[in-house]
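> Starting off with a structure, shown below.
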There are 2 protein chains.
Amino acid sequence: MPDPTCGIARSLEVLGERWALLIVRDAFYGVTRFSEFRSSLGVSPDILTARLTTLVEAGVLARHTYREAGSREREEYLLTEAGRDLMPVLAALGRWGADHRPAAQVLGGRYTEASSGERLSIAFVTGDGRVVDTPDVSMSRSPR
Amino acid sequence: MPDPTCGIARSLEVLGERWALLIVRDAFYGVTRFSEFRSSLGVSPDILTARLTTLVEAGVLARHTYREAGSREREEYLLTEAGRDLMPVLAALGRWGADHRPAAQVLGGRYTEASSGERLSIAFVTGDGRVVDTPDVSMSRSPR
């Protein structure tokens, strides 16, 4: 992996593959079981097993074992705090897809403040909360 | 690809592979030439060619041909408007990497307002510009 000091590169070590982020998306939508991820994503069991393992090892998902009365033991996958912190990544991807990958209908998830239900969007903001549009933002390498 | 109406899934059709986003990152840092991408990323020429082609076809990068006096024709790759709109995705990934992929030093790029030089961060905001912390945000499937 080039440039181990780059946070973007370090994130992509875990997440730089479409299935990983789609698994995380489905976890936000309430999917917890292997069979549910599989039918939602249409992904092969081998790839799904590999991606779930990577996400568990990276601390994005936690694997829990549970048993309902009369059933055999099952596993479920739940977002950790680090996994929940991926929400801005998904929001930014969803917005870009809606803007630049047109289709008859493109949805990017709906983001709301839990306490108020107010709709939210992802944006660049100054320290005192002023929103700056992306075309007005400069990106540079951080000083080493 | 599962769920062609999902903006996240549609974005990942183009971007769901770590090299693609690292190429876009380097383009923001001013890299334009094949040889520069190659030495920056340490990626094989075949993979780099394939990813650059995908990004050009998706309208994220534009390929330009130019000739400096006395030199042979060269190609350069420049971000399009759609490519520049990926900055929030990189900002969100960089922040996550800095928070959750610890290293001796982790950098995620520096984002500033072009006109003022003010430092910016990526965040969820309400319609009237109030910043909401990620743990207070709910994500749900948009209604179909």
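> Which of (1) hydrophobic (A, V, I, L, M, F, W, C); (2) assigned to a loop (DSSP other than H, G, I, E, B); (3) outside the structural domain of A:S11 (by TED's automatic domain parsing) is the odd one out, the single condition A:V43 does not satisfy?
In the conditions (1) hydrophobic (A, V, I, L, M, F, W, C); (2) assigned to a loop (DSSP other than H, G, I, E, B); (3) outside the structural domain of A:S11 (by TED's automatic domain parsing), A:V43 misses (3) alone.
> If I ask for residues that are under 20 Å from A:R95 (Cβ atoms) and either assigned to a helix (DSSP H, G or I) or more than 7 Å from chain A (Cβ to nearest Cβ) (or both), which ones from the range B:8-18 would you list?
B:I8, B:A9, B:R10, B:S11, B:L12, B:E13, B:V14, B:L15
> Within the range B:1-29, which residues are among the small types (G, A, S) and modelled with pLDDT under 95?
B:G7, B:A9, B:S11, B:G16, B:A20
> Mind checking which pairs have a first residue in the range B:124-140 that is within 16 Å of A:R25 (Cβ to Cβ) and a second that is surrounded by fewer than 16 Cβ atoms within 10 Å (Cβ to Cβ), Cβ under 8 Å, 6 or more apart or different chains?
Taking only residues 6 or more apart or on different chains, the pairs are B:V137/A:A114; B:S138/A:A114; B:M139/A:Y29; B:M139/A:R110; B:S140/A:Y29; B:S140/A:R110.
> Then there's this: Report whether or not B:Y66 is at pLDDT 95 or above and more than 9 Å from chain A (Cβ to nearest Cβ).
Taking the combined requirement at face value, the residue does not satisfy it.
> Now, a different point. Of the residues that sit in the range B:96-142 and are farther than 14 Å from A:V137 by Cβ and of a type in the set (K, R), which one is surrounded by the most Cβ atoms within 10 Å (Cβ to Cβ)?
Among residues in the range B:96-142 that are farther than 14 Å from A:V137 by Cβ and of a type in the set (K, R), the one surrounded by the most Cβ atoms within 10 Å (Cβ to Cβ) is B:R101.
> Another one. Any residue that is at the interface with chain A (Cβ under 7 Å from one of its Cβ atoms), among the small types (G, A, S) and surrounded by 12 or more Cβ atoms within 10 Å (Cβ to Cβ) - is there at least one of those in the range B:19-28?
no
> For residues in the range A:73-94 being in contact with a Gly (Cβ under 6 Å, 6 or more places away or on another chain) and of a type outside the set (A, V, I, L, M, F, W, C), which is modelled with the lowest pLDDT?
A:G94
> From the residues in the range B:65-76 that are surrounded by 10 or more Cβ atoms within 10 Å (Cβ to Cβ) and in contact with a Phe, Trp or Tyr (Cβ under 8 Å, 6 or more places away or on another chain), which one is nearest to A:D3 (Cα to Cα)? Quick ask: steps written out before the conclusion?
The first filter runs over the range B:65-76 and keeps only residues surrounded by 10 or more Cβ atoms within 10 Å (Cβ to Cβ), leaving B:66, B:74-76.
Subset that is in contact with a Phe, Trp or Tyr (Cβ under 8 Å, 6 or more places away or on another chain): B:74-76.
Numbers: B:R74: 27, B:E75: 25, B:E76: 23 Å.
So the residue we want is B:E76.
> In addition: Whether any residue in the range A:73-80 is free of Cβ contacts under 8 Å to residues at least 12 places away in the same chain and farther than 29 Å from B:P102 by Cβ is what I want to check.
Pass one, the range A:73-80, residues free of Cβ contacts under 8 Å to residues at least 12 places away in the same chain: A:73.
Cutting the leftovers down to farther than 29 Å from B:P102 by Cβ gives us A:73.
Yes, there is a match, as at least one residue in the range A:73-80 is free of Cβ contacts under 8 Å to residues at least 12 places away in the same chain and farther than 29 Å from B:P102 by Cβ.
> Hand me the list of strands (runs of 3 or more DSSP E) wholly inside the range A:69-136 holding 3 or more residues that are on the phi < 0 side of the Ramachandran plot and more than 7 Å from chain B (Cβ to nearest Cβ).
On the way: elements: A:73-79, A:110-113, A:120-126.
Once the strands (runs of 3 or more DSSP E) in the range A:69-136 are filtered for at least 3 residues that are on the phi < 0 side of the Ramachandran plot and more than 7 Å from chain B (Cβ to nearest Cβ), what remains is A:73-79.
The values are calculated or read from the model by the stated rules, or taken from the named source; none is laboratory data. From a predicted model like this one, the values you see are computed outputs, not experimental measurements. Cβ sites come from the backbone with ideal geometry, for glycine too, and all protein chains shown count toward neighbours.
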